[in-house]
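Worksheet: the structure to be examined is printed underneath.
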Amino acid sequence: MHLRVGTRGSKLALAQTDRVIRELEEHGVKAERIILTTKGDTITGVPLHEIGGQGVFVRALDDAILSGEIDCAVHSMKDIPAFRPPGLFTAAVLKRDSPADYIAYSSTLQEVRVIGTSSTRRRAQLLRSNPDLVIRDLRGNVDTRIRKLNAGEFDAIILAEAGLSRLSLHIPGEQLSPEKYVPSPNQGTIAVVSRADPSLMEVLSVLDDPRTRADVAAERAVMEQIGGGCFTPIGIYCESGHLIAEVLSLDGRRTERVDTVVDTIEKAREQGRLLRDAAQDLILEAHTKLKVSE
């Protein structure tokens, strides 16, 4: 079988796709890379929540799979929305890289005052740690963000550590503990989505890591129960069944959090429901404030 593997055109997306193609070829499966453009790549001047959240990076590739233009697509799994079009299947979840955020800075951590990020979660978690920080929106690919840091537009920027590793980038900074700065659900994970075609699913299953799939499935189960959309600061992280999940206010001053062990998807869903109920005011407040600001 010769697979057409779809991807966005960013350096990170291409690096992830090339990894998938290499691993497929190690298993005797031939594959070629097909580059597609998404709305998230073409509209870069506004925060993600104003153009539909992380899902904007996925829709064009979903459409290409369903139309038969490509056989499968490679994604950062954290970009994949909770609810998926019928006919699609997450055929493989690769072994997870670092789930943590990374704070990159040009001088020293003690001198950092202005930080760039467009993530409401990262903003809230940073302000929780230090309410005196100034958080400014920052979008664009990894190169763009690093260029703006080096140009002095920010004292620091926040990036996914896994992305830096996949691009073989080494820049001054440090990891933010995923227990304290709880990452986005599925951060650090690469997924391969295909049509729900048994032959495709079987071929792609050689890439699947069962432990990672179980952890990210628990994270997604919690995410689906919480809801909140792209407006609400939410962090969810599961490692070998140890679940940490939190919902924050936009200013980081209030947090609802669970820290427990889940060994089934239903237990993960239960924790999601409990957290949703406890954080209902935070979810509503974030949605109302950000909708009004649009």
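The values are calculated or read from the model by the stated rules, or taken from the named source; none is laboratory data. Since the model is a prediction, treat every value here as computed from it, not as a measurement. Ideal geometry is used to build each Cβ from the backbone, glycine not excepted, and the neighbour counts take in all protein chains shown.
Data overview
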quantity	calculated
Among (1) buried (at least 17 other Cβ atoms within 10 Å of the Cβ); (2) at pLDDT 95 or above; (3) out of contact with any Ser or Thr (no Cβ under 9 Å at 6 or more places or on another chain) - the single one GLY28 does not satisfy	(1)
Boolean, ILE158 is of a type in the set (Val, Ile, Thr) and surrounded by fewer than 24 Cβ atoms within 10 Å (Cβ to Cβ)	no
Residue check for ILE51: more than 20 Å from VAL222 (Cα to Cα), modelled with pLDDT of 95 or more and not charged (D, E, K, R)	no
Counted residues, region 247-278 - those being surrounded by 14 or more Cβ atoms within 10 Å (Cβ to Cβ), touching an Asp or Glu at 6+ places or on another chain (Cβ under 9 Å) and among the hydrophobic types (A, V, I, L, M, F, W, C)	7
Subset of region 262-294 (residues that are touching a strand residue (DSSP E or B) at 6+ places or on another chain (Cβ under 6 Å) and of a type in the set (A, V, I, L, M, F, W, C))	VAL262, LEU275, ALA278, ALA279, LEU282
Residue satisfying all of: in region 189-208; of a type in the set (Ser, Thr, Tyr) and surrounded by 14 or more Cβ atoms within 10 Å (Cβ to Cβ); farthest from CYS72 (Cα to Cα) among these	THR189
Among (1) touching a strand residue (DSSP E or B) at 6+ places or on another chain (Cβ under 8 Å); (2) buried (at least 18 other Cβ atoms within 10 Å of the Cβ), the one test that ILE171 misses	(2)
Residue satisfying condition, being out of contact with any His (no Cβ under 9 Å at 6 or more places or on another chain) and assigned by TED's automatic domain parsing to the domain that holds GLU25, within set ARG195, ARG220, ARG257	ARG195
Subset of region 215-227 (residues that are in a helix (DSSP H, G or I) and not aliphatic (A, V, I, L, M))	ASP215, GLU219, ARG220, GLU224, GLN225
Residues that are surrounded by 14 or more Cβ atoms within 10 Å (Cβ to Cβ) and either within 12 Å of the chain's Cα centre (by Cα) or assigned to a loop (DSSP other than H, G, I, E, B) (or both), drawn from region 85-94	LEU94
Residue, surrounded by the most Cβ atoms within 10 Å (Cβ to Cβ), within region 95-140, restricted to residues that are closer than 30 Å to VAL20 by Cα and charged (D, E, K, R)	ASP101
Residue in region 132-154 that is closer than 27 Å to LEU24 by Cα and either outside the structural domain of SER76 (by TED's automatic domain parsing) or under 18 Å from the mean Cα position of the chain (by Cα) (or both) present	yes
Test: residue in region 246-264 that is over 21 Å from the mean Cα position of the chain (by Cα), within 18 Å of ALA218 (Cα to Cα) and touching a residue at least 24 places away in the same chain (Cβ under 8 Å)	yes
